[in-house]
Number of protein chains: 2
Amino acid sequence: MVTMKEIAKQAGVSVSTVSLVLNNRDEGRVRDIVANEVRDIASQLGYRSNPLASSLRTGRTHMLGFISEDVATTPYAGGMILGAQRAAQQLGYMLIVVSTDGPRNEAEEIAALKRYGTDGFLYAKMSNRIVTVPEALKDTPLVLMDATDGTGETASIEPDEFHIGYDATKRLLAAGCERIAYVGAESPIVAERGRMEGYRTALAEAGRSVNERLIVHVGNNEPALAAVNELFDAAQPDGFFCFNDARAWYVYECAARRGLTIGRDISVVGVDNHRVFADTLVPQLTTVELPHFEMGYWAAAKLVSIIEERSLADMDWPDTAAPLPPMNTSTPAAIHCALIEKDSVRK
Amino acid sequence: MVTMKEIAKQAGVSVSTVSLVLNNRDEGRVRDIVANEVRDIASQLGYRSNPLASSLRTGRTHMLGFISEDVATTPYAGGMILGAQRAAQQLGYMLIVVSTDGPRNEAEEIAALKRYGTDGFLYAKMSNRIVTVPEALKDTPLVLMDATDGTGETASIEPDEFHIGYDATKRLLAAGCERIAYVGAESPIVAERGRMEGYRTALAEAGRSVNERLIVHVGNNEPALAAVNELFDAAQPDGFFCFNDARAWYVYECAARRGLTIGRDISVVGVDNHRVFADTLVPQLTTVELPHFEMGYWAAAKLVSIIEERSLADMDWPDTAAPLPPMNTSTPAAIHCALIEKDSVRK
DNA sequence: GTGAAAGCGCTAACAA
DNA sequence: TTGTTAGCGCTTTCAC
């Protein structure tokens with residue numbers, strides 16, 4: 001590994017000079033000839049700085065800590081991690097990934113990350129909810145993903161849940177549905193409530209009254225299937241907005257058993273269906289795919305902007321790779337999901 | 001942040017002594033009284049070593065590099081990352097995650113990881129295949145995941161593809177199927193060939209002749225669906241072994257259109273179905289879930305064992321967390337998939 | 001047994 | 001404009 005020392009020797013200057021030049025702090029402090037000489041030698045030798053060594057002095061490691069809960073929801077975590085990684089990479093950062101079991105373990109993992117001197121933290125949940133920020137994270141740069149804090153103190157990136165429900169319901173209305181059902185989840189987290197609000201609002205705006213019998217909140221497996229079955233019998237919906245993929249499939253299953261075809265007899269919009277459903281299997285099923293990759297991407301970008309105290313707009317994006325375009329995939333088979341960016345209140 | 005210096009001051013000894021004690025190299029070199037004193041103060045002050053600082057001298061960062069291809073297969077990557085993270089965590093390592101677009105970008109990312117001084121690399125593919133190890137990785141501790149190299153030079157963890165096909169076919173035979181189809185993929189990677197071999201062998205062992213018309217290799221979307229449809233017409237299979245979830249669902253779809261019920265009229269075993277299928281939706285569908293988490297876990301554990309030059313057996317597993325038990329989930333609805341561990345040939 | 005000193009690669013005051 | 005010096009937190013000889 002080639003060090004500044006070697007460059008200094010070859011160039012016949014001191015290490016400090018090399019340091020100045022290679023950190024682009026040489027303007028008016030080092031003669032251009034010398035500076036160029038140093039740069040030449042550096043690139044010739046293939047010099048690459050040792051970020052760990054410099055971190056010792058600067059206190060900056062250019063490493064980001066990614067904290068996720070490691071429940072069985074790995075598909076989502078994967079997308080976020082990859083997205084965050086992409087942004088980190090483009091902005092010259094590394095991503096250290098850590099997953100937690102419970103709150104105890106969480107504190108430990110945060111401590112471990114801190115020992116490694118991560119410059120900031122990404123704190124990810126697997127479904128949009130209000131979280132209380134762990135104590136140990138309060139004094140460092142931090143961005144919440146798929147979550148917000150109650151107080152608005154912390155920066156966050158989350159899906160626009162309201163518009164998911166709103167757009168989905170609009171789509172069903174446009175398809176001519178008369179009795180649009182909402183098949184939701186049981187826990188009243190942000191995602192649940194937001195999507196349901198969107199559903200209600202879209203109906204209201206269309207001048208429809210909301211029939212409460214068309215709204216169900218179901219859990220999983222057989223009980224859920226039974227509940228959806230019951231919904232079919234009781235209210236005979238011709239349109240369904242489903243909280244997530246599992247719920248969409250209870251609908252699919254019930255429809256299949258009745259000989260109803262999605263896209264002809266009934267319409268279904270489901271959030272977050274696995275790609276394998278959406279792309280290849282039931283093209284009649286309209287989906288809202290949660291932009292986990294994008295969430296990770298923008299959360300990491302935002303974190304870096306906080307760390308470097310500059311605005312997202314004038315980050316040092318590499319020429320080669322423009323920042324990721326906003327998701328924009330509203331096709332007949334998919335509904336676009338926007339992200340909401342919240343800044344931290346405290347400066 | 002509390003440093004050795006502070007401990008030294010409080011204990012009235014030198015930093016070197018503290019270092020010796022805290023690294024458990026004090027036997028016969030430091031008086032027990034002093035050693036205990038140091039340890040007491042350390043724990044009292046909540047001392048935690050700064051791994052980056054020590055890396056400067058030792059050359060060991062206790063960081064592992066995880067390299068994956070960032071194609072749209074994020075669900076798999078996520079599981080592997082989380083698994084690797086778990087093992088790393090248990091063994092006192094951190095995981096740095098990096099994803100690549102193509103070979104060019106790959107070399108860059110490897111270089112970046114090396115600058116951060118990662119002690120070794122995990123190189124993950126998203127479907128078991130033979131890879132040529134990137135030049136830059138040849139001289140460092142390395143474990144391939146869901147991949148092997150052609151030469152057997154590199155340590156690896158991969159699923160036992162042969163037995164996946166073998167066990168799945170056995171299961172179908174046990175279910176009384178007479179005409180068992182193989183619905184495979186088009187590219188002849190290790191996973192494809194291995195599973196098909198298992199299928200053929202199981203049939204042969206059962207004294208069945210292999211009917212080539214029951215074997216199809218299909219791509220995606222409509223053409224694939226058409227091909228599977230054709231398979232139903234031409235060979236009227238009563239059992240299906242499907243290469244993966246997408247393939248399983250072409251079968252599901254064709255069956256549905258014919259009014260055939262899985263588990264009654266036909267039997268289906270599919271590899272790697274998304275959990276949402278397997279758990280909640282088509283319980284009649286038998287699945288082989290590829291143990292991505294476990295693959296990540298064991299690959300990371302193996303990598304650490306290579307780095308620390310000890311056997312997997314006598315690693316420093318924390319008391320709190322026993323190493324992950326081998327997957328053992330062969331239920332009527334799931335087939336257990338074993339992992340194959342290969343050591344590197346060169347010492 | 002213990003401590004002083006050097007040094008890992010780099011940055012940052014300060015002198016020159 | 002440049003070099004010297006000191007030091008980040010830690011490990012490691014080597015002298016005492």
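The values are calculated or read from the model by the stated rules, or taken from the named source; none is laboratory data. Fair warning: this is a prediction, and the values are worked out from it, not measured in the lab. With ideal geometry, Cβ positions are generated from the backbone for all residues, glycine too; neighbour counts draw on all protein chains shown.
Please verify whether B:Ser127 is at negative phi, at the interface with another protein chain (Cβ under 8 Å from one of its Cβ atoms) and not in a helix (DSSP H, G or I), treating the condition exactly as stated. Walk me through how you get there before you give the answer.
On the way: at negative phi: yes; at the interface with another protein chain (Cβ under 8 Å from one of its Cβ atoms): no; not in a helix (DSSP H, G or I): yes.
Against the criterion (at negative phi, at the interface with another protein chain (Cβ under 8 Å from one of its Cβ atoms) and not in a helix (DSSP H, G or I)), B:Ser127 does not qualify.
In this structure, does B:Ser99 turn out to be more than 16 Å from DNA strand C (Cβ to nearest atom), crowded, with 22+ Cβ neighbours inside 10 Å and more than 21 Å from A:Leu113 (Cα to Cα)? Quick ask: steps written out before the conclusion?
On the way: more than 16 Å from DNA strand C (Cβ to nearest atom): yes; crowded, with 22+ Cβ neighbours inside 10 Å: yes; more than 21 Å from A:Leu113 (Cα to Cα): no.
Judged against the criteria, B:Ser99 is not a match.
Condition check for A:His163 on (1) under 21 Å from A:Phe232 (Cα atoms); (2) at pLDDT below 95; (3) crowded, with 21+ Cβ neighbours inside 10 Å: one failure, at (1).
Tell me, please, whether a residue that is modelled with pLDDT under 90, away from chain B (no Cβ under 12 Å) and surrounded by fewer than 19 Cβ atoms within 10 Å (Cβ to Cβ) can be found in the range A:37-50. For the range A:37-50, residues modelled with pLDDT under 90, away from chain B (no Cβ under 12 Å) and surrounded by fewer than 19 Cβ atoms within 10 Å (Cβ to Cβ): absent. For the range A:1-49, a tally of residues being within 40 Å of the chain's Cα centre (by Cα), of a type in the set (Lys, Arg) and within 28 Å of B:Thr118 (Cβ to Cβ) returns 2.
Among the residues making up the range A:241-275, those that are closer than 17 Å to B:Ile262 by Cα, at pLDDT 85 or above and within 12 Å of chain B (Cβ to nearest Cβ) are A:Tyr250, A:Cys254, A:Ala255. With respect to the conditions (1) more than 13 Å from DNA strand C (Cβ to nearest atom); (2) over 22 Å from B:Thr100 (Cα atoms), A:Gly28 lacks only one, and its number is (1).
Any residue at all in the range A:68-88 that's of a type in the set (S, T, N, Q) and surrounded by fewer than 21 Cβ atoms within 10 Å (Cβ to Cβ)?
Just the residues of the range A:68-88 that are of a type in the set (S, T, N, Q), to begin with: A:68, A:73-74, A:85.
Now restrict to residues that are surrounded by fewer than 21 Cβ atoms within 10 Å (Cβ to Cβ): A:73.
Yes, the range A:68-88 contains at least one residue that is of a type in the set (S, T, N, Q) and surrounded by fewer than 21 Cβ atoms within 10 Å (Cβ to Cβ).
Which ranges mark the helices (runs of 4 or more DSSP H) fully within the range A:1-109 that have 1 or more residues being within 16 Å of DNA strand D (Cβ to nearest atom) and under 21 Å from A:Leu303 (Cβ atoms)? Break it down into steps so the answer makes sense when it comes.
Values: elements: A:4-11, A:15-22, A:32-45, A:51-58, A:74-90.
Counting at least 1 such residues, we get A:51-58.
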